[in-house]
Amino acid sequence: MILRCSRLPYYLYCLRSHALNQIKLLQPYNQLFTAVFSAKESLFKALYPQAGFYFGFDYAALRHLEPDNHIMVFELIKPISKAFPKGKVIFTRYYFMGDKVFTLVAV
């Protein structure tokens with residue numbers, strides 16, 4: 001299953017009501033929120049050395065979600081550096097182990 005995303009405020013850019021209904025069938029609702037938050041934190045940690053400044057959750061939007069493959073795709077909404085301009089797409093992976101979520105961003 002693939003869920004396409006559009007812009008919404010803060011770090012939960014793709015969570016429209018129709019997507020939420022589908023997501024509820026796949027993972028507990030709070031787990032997905034945690035996974036998106038964790039992926040954004042991982043994104044910040046991966047890009048901060050390039051950026052050299054603190055940037056917020058509004059710099060990246062969740063554009064694509066593949067729950068079956070544990071993939072989230074983010075798009076930069078604002079430029080971070082020459083290597084990471086506005087529009088750059090970054091893939092992340094996420095995994096649940098019990099009540100824990102692990103996220104990976106490789107840039």
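The set of residues in segment 45-55 that are surrounded by fewer than 18 Cβ atoms within 10 Å (Cβ to Cβ) and either under 17 Å from THR103 (Cβ atoms) or under 12 Å from the mean Cα position of the chain (by Cα) (or both) comprises LYS45, ALA46, TYR48. All of (1) surrounded by fewer than 16 Cβ atoms within 10 Å (Cβ to Cβ); (2) touching a Leu at 6+ places or on another chain (Cβ under 7 Å); (3) modelled with pLDDT of 85 or more hold for VAL36 with one exception: (1). Checking the stated criteria, PHE96 turns out to be assigned to a strand (DSSP E or B), surrounded by 12 or more Cβ atoms within 10 Å (Cβ to Cβ) and more than 13 Å from the chain's Cα centre (by Cα). Residue count for segment 36-68 under the criterion of being over 15 Å from VAL107 (Cβ atoms), part of a helix (DSSP H, G or I) and touching a helix residue (DSSP H, G or I) at 6+ places or on another chain (Cβ under 8 Å): the result is 1. Checking the structure you have, find out if any residue of segment 69-78 is in a strand (DSSP E or B), among the acidic types (Asp, Glu) and in contact with a Lys or Arg (Cβ under 8 Å, 6 or more places away or on another chain). Yes, segment 69-78 contains a residue that is in a strand (DSSP E or B), among the acidic types (Asp, Glu) and in contact with a Lys or Arg (Cβ under 8 Å, 6 or more places away or on another chain). The combined condition, being surrounded by fewer than 16 Cβ atoms within 10 Å (Cβ to Cβ) and within 14 Å of PHE37 (Cβ to Cβ), is fulfilled by ASP58.
Look at (1) modelled with pLDDT under 90; (2) assigned to a helix (DSSP H, G or I); (3) within 14 Å of the chain's Cα centre (by Cα) and you find that TYR11 fails only one, number (2).
The values are calculated or read from the model by the stated rules, or taken from the named source; none is laboratory data. Keep in mind that this is a model prediction, so the values were computed, not measured. Please note: Cβ atoms are built from the backbone with ideal geometry, for glycine as well, and neighbour counts cover all protein chains shown.
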